[in-house]
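Before any comments, here is the structure.
The values are calculated or read from the model by the stated rules, or taken from the named source; none is laboratory data. None of these values were measured; they are calculated from a predicted model. Methodologically, a virtual Cβ is constructed for each residue, glycine included, from the backbone with ideal geometry; neighbour enumeration extends over all protein chains shown. Side chains included, ligands, DNA and RNA excluded: accessible areas come from the protein's heavy atoms. Shrake-Rupley method; radii C 1.70, N 1.55, O 1.52, S 1.80 Å.
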Amino acid sequence: MSRAEQHEWIHVSPADLSAAALKLVLSAYKGGGNTGDVTALTLPLFSRWVAQHPDIDRFLARLLSPLAGGVLMQSGGSTAQPLVSLGIESAMLTPVDMCILRSWLSGSVSATRMALLFSSSMHGFSSSSLFSYAYGERPQTVIPSLSLLVVRDDGGHVFGAFIAAEWRRNVGHFHGHDPRNFLFQLHPAPAKKYLSSSKSTAHLWSSSEGIAIGGRENSFGLFLDSSLLNGSSRNCSTFRSERLSHDYDFRIADVEVWGFVLDAHVEEYEQELRQRAEDNEKRSKKQQDNAYVLDMIGK
């Protein structure tokens, strides 16, 4: 009997899987003596709880291998703990999404935590703000040239790209080729990952019109205009991807860019954020004082 034949494969629909998994995991959570409303369970709390319970960890790992039409589960799968975010939680990524991303990124971002670098809800809808916060002013403890772009469109689709190269602003040509780059779609299920084609180097593109990943000009795998209000997605030979969005042209609802911090540098990262907050507070107070003096002089 071959190794493959020793596994018992079970095929279930995503809807049935989600319902069954939710009941089992929440029953285990409540059965472990945890109190409070499980609907208010936060991602960091969930991630810590999963990490403390290997059986639940392995259970989730076996579930999170989405394939077309459903999910294949086998006994003895590899562990896929959720990516853990530092401080601010994602407005789009669920704990299940984090587990899927961890399994996809295991070779590139092991022993790391996610750090939110840019959020359209916090920093505004502008590609210049995205570049400033995500690539210009990011903390020094964030691993350079690694980022995760996540987009939600007006149809509820959630998709994006993992980028293992430095994204340069307004260069007007493709750059940043790296075999680790990929496009993905998380919602609607099943989740899909689109790897780079070895025949194409058309990975990252940017100009005054916007930013894009894969494809060719006016027909990108994923394009976001400079206002971060409109985007488009086409079938893309660079990543052998299908359309990611609910329609070829779409309105953008949310955009996030995440960086990665090594576990060993988390304390240093948090100290850097505290220092930045203190500096911003001092700068704001100085501006208020200057405005007060000018107002007094004007009177």
Do we have any residue at all in region 157-172 that's in contact with a strand residue (DSSP E or B) (Cβ under 6 Å, 6 or more places away or on another chain), buried (at least 19 other Cβ atoms within 10 Å of the Cβ) and assigned to a helix (DSSP H, G or I)? no
Could you tell me whether any residue of region 267-275 is under 28 Å from His203 (Cβ atoms) and in contact with a helix residue (DSSP H, G or I) (Cβ under 6 Å, 6 or more places away or on another chain)? no
Search region 185-196 for residues that are under 11 Å from Asp97 (Cα atoms) and pair each with any residue that is among the polar types (S, T, N, Q) and in a strand (DSSP E or B) when their beta-carbon atoms are under 7 Å apart and the residues are at least 6 apart or on different chains. Ala191/Gln185
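I need the full set of residues from region 261-271 which are in contact with a Ser or Thr (Cβ under 6 Å, 6 or more places away or on another chain) and either surrounded by 19 or more Cβ atoms within 10 Å (Cβ to Cβ) or not in a strand (DSSP E or B) (or both), in order please.
Answer for region 261-271, where residues must be in contact with a Ser or Thr (Cβ under 6 Å, 6 or more places away or on another chain) and either surrounded by 19 or more Cβ atoms within 10 Å (Cβ to Cβ) or not in a strand (DSSP E or B) (or both): Val261, His265, Glu268, Tyr269.
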For residues that are surrounded by fewer than 18 Cβ atoms within 10 Å (Cβ to Cβ) and of a type outside the set (S, T, N, Q), scanning just region 141-156, find the one that is nearest to Met114 (Cα to Cα). Ile143
Can you tell me which residue within region 129-154, out of those that are modelled with pLDDT of 90 or more and hydroxyl-bearing (Ser, Thr, Tyr), is farthest from Gly210 (Cα to Cα)? Ser147
Single unsatisfied condition, Arg243 versus (1) among the charged types (D, E, K, R); (2) surrounded by 15 or more Cβ atoms within 10 Å (Cβ to Cβ); (3) within 25 Å of Ser128 (Cα to Cα); (4) at pLDDT 95 or above: (3)
What do you reckon, is Ser197 open to solvent by less than 20 Å² (accessible area, probe 1.4 Å), in a loop (DSSP other than H, G, I, E, B), modelled with pLDDT under 95 and more than 14 Å from Phe223 (Cα to Cα)? yes
In region 208-238, which residues are farther than 20 Å from Ser120 by Cβ, out of contact with any Cys (no Cβ under 7 Å at 6 or more places or on another chain) and assigned to a strand (DSSP E or B)? Arg216, Ser219, Cys236
